[in-house]
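Visitor: Provided herewith is a single structure, encoded as structure tokens, for subsequent inquiry.
The values are calculated or read from the model by the stated rules, or taken from the named source; none is laboratory data. Remember, it's a predicted structure, so these values are computed and weren't measured experimentally. Here the Cβ is made from the backbone with ideal geometry for all residues, glycine too, and neighbour counts use every protein chain on show. Note: accessible area is taken over every heavy atom of the protein model, side chains too, but ligands, DNA and RNA are not part of it. Shrake-Rupley method; radii C 1.70, N 1.55, O 1.52, S 1.80 Å.
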Protein chains: 4
Amino acid sequence: MCRIAAYAGPAIPLENIIVRPRHSLLTQSQHANEAKLAVNGDGFGISWYGEGQAPGLYRDVLPAWADDNLTHLCRMVRSQLFIAHIRASTVGETSRANCHPFAYDRWSFCHNGQIPHFGQIKRRMMAALPDDLFDARRGTADSELIFLSMQAHGLDRDVAGAIATTLNDIGPEGASGPVKLTCVFSDGDTLYAFRHASSGNSPTLYLSGVLDNGGRAVASEPLCGVTERWTALPCNVLCRISADGLQTESISLPVAA
Amino acid sequence: MCRIAAYAGPAIPLENIIVRPRHSLLTQSQHANEAKLAVNGDGFGISWYGEGQAPGLYRDVLPAWADDNLTHLCRMVRSQLFIAHIRASTVGETSRANCHPFAYDRWSFCHNGQIPHFGQIKRRMMAALPDDLFDARRGTADSELIFLSMQAHGLDRDVAGAIATTLNDIGPEGASGPVKLTCVFSDGDTLYAFRHASSGNSPTLYLSGVLDNGGRAVASEPLCGVTERWTALPCNVLCRISADGLQTESISLPVAA
Amino acid sequence: MCRIAAYAGPAIPLENIIVRPRHSLLTQSQHANEAKLAVNGDGFGISWYGEGQAPGLYRDVLPAWADDNLTHLCRMVRSQLFIAHIRASTVGETSRANCHPFAYDRWSFCHNGQIPHFGQIKRRMMAALPDDLFDARRGTADSELIFLSMQAHGLDRDVAGAIATTLNDIGPEGASGPVKLTCVFSDGDTLYAFRHASSGNSPTLYLSGVLDNGGRAVASEPLCGVTERWTALPCNVLCRISADGLQTESISLPVAA
Amino acid sequence: MCRIAAYAGPAIPLENIIVRPRHSLLTQSQHANEAKLAVNGDGFGISWYGEGQAPGLYRDVLPAWADDNLTHLCRMVRSQLFIAHIRASTVGETSRANCHPFAYDRWSFCHNGQIPHFGQIKRRMMAALPDDLFDARRGTADSELIFLSMQAHGLDRDVAGAIATTLNDIGPEGASGPVKLTCVFSDGDTLYAFRHASSGNSPTLYLSGVLDNGGRAVASEPLCGVTERWTALPCNVLCRISADGLQTESISLPVAA
């Protein structure tokens, strides 16, 4: 389980979302309320847009709260669109290459959830990648592979279609449990958020109202500590936040077997 | 607040104390029961004795549960006397040099507690160190300074006296709160444990009964998850574990002002 | 021995100085020409000015060439004044707190050189610091102590005077060899560069001509690989680069004993 | 290019090979003589045998000379068979999972060399792995994939055959340059060393004479700084060092196309 926060709107210092709110992502790294694990100390990452088309990436394996570089960065860097992620793992080694967000071309992507039968479909999904996406894999995380599969299925041309096809590839849930996919991603122009669970609930995601500066935020838990102005994102609805405002679109997914 | 586990007796793999018990130190790093913070993810360290007189030191800034090297080390290394420490911090950067245990000559030392008025006495305590101990300081942690002060006060010749004189240097508790000092340390022959609070309680420390192999363990929380064979160490009693068995000695401390 | 590069002028991406020049600081991290050690792989740091008065700081213990975060940061962040430093050490552990630049208030400072008799004067210099500067020390590096001494001697009011007084504190060279101090620092408005050696040469520092965009750079080795437009900075001359252009001032230093 | 040192014989402290010789592996990390790059600062690793069948692994991304933990470990740990590796990379991020040696079951393996056409054969080699070896991959390094292919080709039953079949899989050199494979590996009982180049030279590997204690060492460069008692290992000869002494065996390899 992990925690995510993201923003799109007029450029603001990253710290306005990641550090300063009462229930900021940094606070959630030690005191998450709506996750199985209250502590998310197994690495973190930020992607942000500004200079050029490709996002900046800053990822490290330390707990977010123990990284002075992160505090400085969040204070100094302004961006009109950024995504931050903190990770909770219960076992095993963390590497930067396995920290979210993952980046490819102008896209960046982070994920919270699980696909319990991933072991059974991983080789098939890797084999289905075209060479350039196969070679673009930097780590060993399942989430990176889901992202690259979405690229292979045309994320650049049809976001809803790429998600549906990738979920189709993943297939129906197996005996090991439901597929849960809560993801936040962007091409630098639009911020996308999406939740899906083959059954039961997928990890929470909330959408802020229009902020004072005209922007909007998305977060695993409301950042301010009160929930009035935050709306829980329903499953199977693709949410787009851009200069054109907020748009939502239901995605028709393959019927569970 | 931190968690400590240590052992003295016939040589055993470090994992028998640090990894394998049901409520091992590694488990306590994510699920401490008797600490303010349930998670101790801000670095860790081990000192162990074997080859030569000086202890081996292994310290890193990662959470203990995220370090594969630690798991390997604990499986492969046997020792007749070792001390392990996991750290919980709430703010600020971690460096290896500030991870416990600290080592000097053949001694190693780790500490759990706080001296709220340390800011007022730090310069005086540093100024009082002889040159070689002043130069031996590797980090900026208060605990390292307490350890070096104990060295300056003759830890090598009179352990109880060095503790009493150091506590005298630290002085009575100030307005900012009570002095709490729970420490575990060794010269390679004897394992020492000591708790002190100027008022109230200092962090817990438990002493195991004689283990099946004839050794004994000391830990912030009983390692097995049951408390029957573990005894809470009282305050102001110095506990020595060595080949001669277990000895305890009350330390007369300066009366609080 | 270390390598330094800094810039003041119209805001540019950090990479224009640190990454892109033919003989950039990143290139110098593996192929320095004018240093005893060709490789500077023991940590690095950047301070940059922009948002607010205090500089941003990004420091890590990895070799600069092995840090993807650094590449991203240098591509995405623009600044009108920044200082970068790569470090070469031959022995001992690196920590972030000992990586240059050091920051205090709105100042940041980096240093290349050595004071061979530092062991003899360190305690005296630390004891002379006022409490707030004593407490501001984060690491154990000599260079940080020199910087804090300069603060204590009024860097904020009289840069040349603070340097002279600090060199006076350091005293004449001892039997162990000459004092060498090449430093680059800033308060966010002005970029300062200074070289001094009690005898012989201190590490090189070059000043660029006016760049195409109107700015200027300072570097241990000319960044472009040709030396025509770069001028070697003489010793004992304080160089100031600001919106008012370039100014130089000879500093009268205590006569060597 | 990297540097390797390994040992088999009566148990000795790791430092006797890695730290103490005049031209030790640690010295080679800063002053390699027979490599393109004199500095090998991009991570390191050690595998050692002792407790149980599986090797201990200690790997980190720091330069070897900057890791105090390594120094302690090498002083404290004794082993009858161990392999150490230091890595030189010129670009890109280092992760522990990509540091040599790699371990699988009771085997550990490290490699120095290059397969310039690896991009063309990588997918095929991965697809050919059985599921358990496919899942055993922890990083993204080509060397790890070569090792897992050797496992798939029966390293456990026929070492020479597994090497020959793997080289057959790799195929003849392409237009991008010759295949170079210098590797050192072990199952805990026997230390193996092997060099191969499809044309030209592969990275050096030297075999020590019988050491004073009856053991033998293998190293990229003679450890003592003199070459009299060290023999350069010829190509295509598999060298086995075990309790039965030294054995060599020529491997018949597929004829280059």
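Visitor: What number, in nm² with one decimal, is the all-direction average of the projected area of the convex hull of the alpha-carbon atoms of the stretch B:107-172?
Guide: Spelled out: convex hull of the Cα atoms, projected over all directions, averaged, 4.4 nm².
Visitor: Follow-up question, since we're still on this one. Past the 23 angstrom mark, what percentage of all C-alpha to C-alpha distances in the stretch D:1-138 do you count?
Guide: For the stretch D:1-138, the fraction of Cα-Cα distances above 23 Å is 36 percent.
Visitor: Another question, then. Specify the inter-centroid distance of the stretch B:92-154 and the stretch B:14-71, based on alpha-carbon positions, in whole Å.
Guide: So the separation of the two Cα centres works out to 21 Å.
Visitor: Using the heavy atoms of the protein chains alone and a 1.4 angstrom probe, what is the accessible area of chain C per residue in square angstrom?
Guide: Per residue, chain C has 37 Å² of solvent-accessible surface.
Visitor: Using the Cα centre of the stretch A:11-94 as the reference point, and only Cβ charges (+1 on K/R, -1 on D/E), how large is the resulting charge dipole? Debye, rounded to the nearest 20.
Guide: The dipole magnitude comes to about 260 debye.
Visitor: Can you compute the charge dipole magnitude of the protein assembly as shown about its Cα centre, using +1 on each Lys and Arg Cβ and -1 on each Asp and Glu Cβ, nothing else charged? Give it in debye, rounded to the nearest 20.
Guide: With only Lys, Arg, Asp and Glu charged at Cβ, the dipole is about 0 debye.
Visitor: If I compute solvent accessible area with a 1.4 Å probe over the protein chains, what percent of it on the protein assembly as shown is carbon and sulfur?
Guide: Of all accessible area on the protein assembly as shown, carbon and sulfur atoms account for 48 percent.
Visitor: Another question, if that's okay. For B:GLU249 and B:ARG124, FRET efficiency with R0 = 25 Å and r from the beta-carbon atoms, rounded to 0.05?
Guide: 0.30
Visitor: What's the local net charge at B:PHE118, with K and R +1, D and E -1, over the other residues with C-beta under 14 Å away?
Guide: My count for the surroundings of B:PHE118 gives -2.
Visitor: Can you list, shortest first in nanometers, how far A:ASP244 lies from the same residue in the other copies, with each label 7 Å from Cα toward Cβ?
Guide: List, nearest first: 5.4, 7.4, 8.4 nm.
Visitor: Output the Cα-based Rg and Dmax of chain B in Å, rounding Rg to one decimal and Dmax to a whole number.
Guide: 16.9, 50
Visitor: I've got another one for you. In chain A, which residue puts its Cβ closest to the axis that turns chain A onto chain D, and how many whole Å away is it?
Guide: Measuring from each Cβ to the axis, the minimum is at A:SER95, 2.
Visitor: What list of ³J(HN,Hα) couplings, whole Hz, do you get for the stretch B:7-15 from phi and the Karplus terms 6.51, -1.76, 1.60, once you set θ to phi - 60° and write x for glycine and proline?
Guide: For the stretch B:7-15, the Karplus curve yields 8, 9, x, x, 4, 9, x, 4, 5 Hz.
Visitor: Per residue of the stretch A:120-134, in order, report the coupling 6.51 cos²θ - 1.76 cosθ + 1.60 (Karplus, θ = phi - 60°) as ³J(HN,Hα) in whole Hz, putting x for Gly and Pro.
Guide: 7, 10, 4, 4, 4, 5, 5, 5, 7, 6, x, 3, 5, 6, 4
Visitor: Mind listing the label-point distances from B:ASN213 to the same position on all other copies, shortest first, one decimal in nm, points 7 Å along Cα→Cβ?
Guide: Counterpart label points of B:ASN213 in the remaining copies fall at 2.3, 5.9, 6.3 nm.
Visitor: Per the Debye formula with a single identical scatterer at each Cα and no solvent contribution, what log10 I(q)/I(0) holds for the stretch B:127-257 at q = 0.20, 0.22 Å⁻¹?
Guide: Once normalised to I(0) and log-transformed, intensities are -1.25, -1.40.
Visitor: Using the Karplus curve 6.51 cos²θ - 1.76 cosθ + 1.60 with θ = phi - 60°, what ³J(HN,Hα) values do you get for each residue of the stretch B:53-59, in whole Hz, with x for Gly and Pro?
Guide: 8, 6, x, x, 10, 9, 9
Visitor: So, one more: Roughly how big is chain D's charge dipole about its Cα centre, with Cβ charges of +1 (Lys, Arg) and -1 (Asp, Glu), in debye to the nearest 20?
Guide: Computed about the Cα centre, the dipole is about 400 debye.
Visitor: Another question, if that's okay. What does the convex hull of the Cα atoms come to per residue for the protein assembly as shown, in Å³?
Guide: Dividing the Cα hull volume of the protein assembly as shown by its residue count gives 195 Å³.
Visitor: How many nanometers, to one decimal and shortest first, lie between the label point of B:ARG78 and those of its other copies, if labels sit 7 Å from Cα toward Cβ?
Guide: Output for B:ARG78: 1.0, 6.5, 6.5 nm, nearest copy listed first.
Visitor: Exceeding 31 Å between C-alpha atoms, which entries from my cross-link table qualify? They are A:LYS180/B:LYS36; C:LYS36/C:LYS122; C:LYS36/D:LYS122.
Guide: Beyond 31 Å: A:LYS180/B:LYS36; C:LYS36/D:LYS122.
Visitor: Leaving out ligands, DNA and RNA, calculate the buried accessible area for the pair B and A with a 1.4 Å probe, summed over both sides, in Å² to the nearest 100.
Guide: 1200
Visitor: I'd like to know which of C:GLY209, C:SER199, C:VAL184 lies farthest towards the positive end of the charge dipole of the stretch C:181-241, counting +1 on Cβ of Lys and Arg and -1 on Cβ of Asp and Glu.
Guide: C:SER199
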